[in-house]
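Asker: Sharing a structure with you now.
FYI, it's all coordinate maths here, none of it is from the lab. Being a predicted model, the structure only gives us computed values, none of them experimental. Heads up, the Cβs are rebuilt from the backbone with ideal geometry, glycines too, and the neighbour counts pull from every protein chain shown.
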Amino acid sequence: MVPGGRWLLAALSDGSVLCYDLEDPDMRSTVLTPPRDDPNGDLIYDVTVDIDQSNATLSFCMVNLPSDFIIQPVTGSLDLMIWLVNLRGHGSSAHLEAHFLHSFPAAEPNTAILSVSLSGDLLARLVFTSQFRSYIEVYDWRASTALMHRRTVIFPKRT
């Protein structure tokens, strides 16, 4: 549910994200992001949004996370995809429109991502390894490129 309560986002197993306008009496869905070209067919189980409070109309960044909590070798490319979503139109003609911004490899082999958080330019994710260890990666996703990621890795421990 997008803050404000009008829009519901639903991720499907083909990687697409559907959008429901809860003010629509017919409760029709529209495709917000297209299906992924993913040979693994992993379920996207998490959609995270970060609302742009400085914008006069609804605007937010959205991350969809492919995974199934099973730690297994990865074949092909699995990516966290970051989208910019904007409200277009008004009243009953209002709709959401998404534009692709960026992507990150979702996980290293033999790891799983348990959660993702997005705030401004920062993307944080909790990674769990097959050795039952966890760590947190924090990326400056806007400053990262395909060749170089600006990130910090945190290894939590109890004090």
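Asker: Give, in nm to one decimal, the length gained when the segment between ALA94 and ALA143 is fully stretched (0.36 nm per residue of separation minus the Cα-Cα distance).
Answerer: Using 0.36 nm per residue and subtracting the Cα-Cα distance, I get 14.4 nm.
Asker: Convex hull over the alpha-carbon atoms of the stretch 85-129: what's its volume per residue in Å³?
Answerer: Per residue, the Cα convex hull of the stretch 85-129 comes to 111 Å³.
Asker: Something else now. Label points 7 Å out from Cα along the Cβ direction at ALA10 and SER134: separation in nm?
Answerer: For the pair ALA10/SER134, the computed spacing is 2.9 nm.
Asker: At a Förster distance of 25 Å, what's the computed FRET efficiency of LEU114 paired with GLN53, Cβ-Cβ distance as r, to 0.05?
Answerer: With a Förster radius of 25 Å, E is 0.40.
Asker: Turning to a different aspect of this structure: Is the shape of the stretch 83-159 rounded, prolate or oblate, going by the alpha carbon gyration tensor and its root eigenvalues a ≥ b ≥ c, with a/c under 1.5 for rounded and a/b larger than b/c for prolate?
Answerer: prolate
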